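The values are calculated or read from the model by the stated rules, or taken from the named source; none is laboratory data. A quick note: this is a predicted structure, and the numbers were derived from the prediction, not measured. Cβ: placed from backbone, ideal geometry, glycine included. Neighbour counts: every protein chain shown.
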Amino acid sequence: MNNHVTLEEFVAVVTGDSVQDVVRESRCVALPFGCGENLMEVVYTSEDGDPEEDALYWLIWQMTGLCGDCQDEYEELEDEAVDAVTQAVDKFELRLEMEASVMRLLSELERDDDSD
Ligand SMILES: [Zn+2]
């Protein structure tokens with residue numbers, strides 16, 4: 001038994017929409033994942049019209065149902081998430097360093113006590 005849910009199944013459960021329908025109807029997947037806009041009205045290509053980038057947008061749209069605008073938004077969210085993780089790791093390292101210094105201090109104090 002495989003209990004894994006595919007992205008498509010997940011989107012279908014949350015939005016009642018399906019990537020198949022999205023692609024067939026040339027639109028963006030329904031809220032909250034996408035904007036649900038018709039792709040005839042919403043440009044799903046890159047801003048500078050780079051054909052390679054456009055092809056990538058198109059490919060990702062075929063897989064996820066997200067239009068170019070929504071793909072860009074997710075990319076920004078991902079960047080923010082990466083920043084948050086990096087900051088958390090930095091803070092954790094800082095805490096470990098502080099704990100190490102405290103331990104060092106404590107053992108020094110203990111040594112001082114012993115010498116009395
Ligand atoms: Zn969209």
Here are some conditions: (1) crowded, with 18+ Cβ neighbours inside 10 Å; (2) at pLDDT 90 or above. Residue 24 meets all but one. Which one does it not meet?
(1)
Flag for residue 11 being surrounded by 14 or more Cβ atoms within 10 Å (Cβ to Cβ), at pLDDT 90 or above and in a helix (DSSP H, G or I)
no
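A quick yes/no check of all residues on (1) at pLDDT below 85; (2) not in a helix (DSSP H, G or I):
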site: 46; (1), (2): yes, yes
site: 59; (1), (2): no, no
site: 62; (1), (2): no, no
site: 85; (1), (2): yes, no
site: 92; (1), (2): no, no
site: 104; (1), (2): no, no
site: 111; (1), (2): yes, no
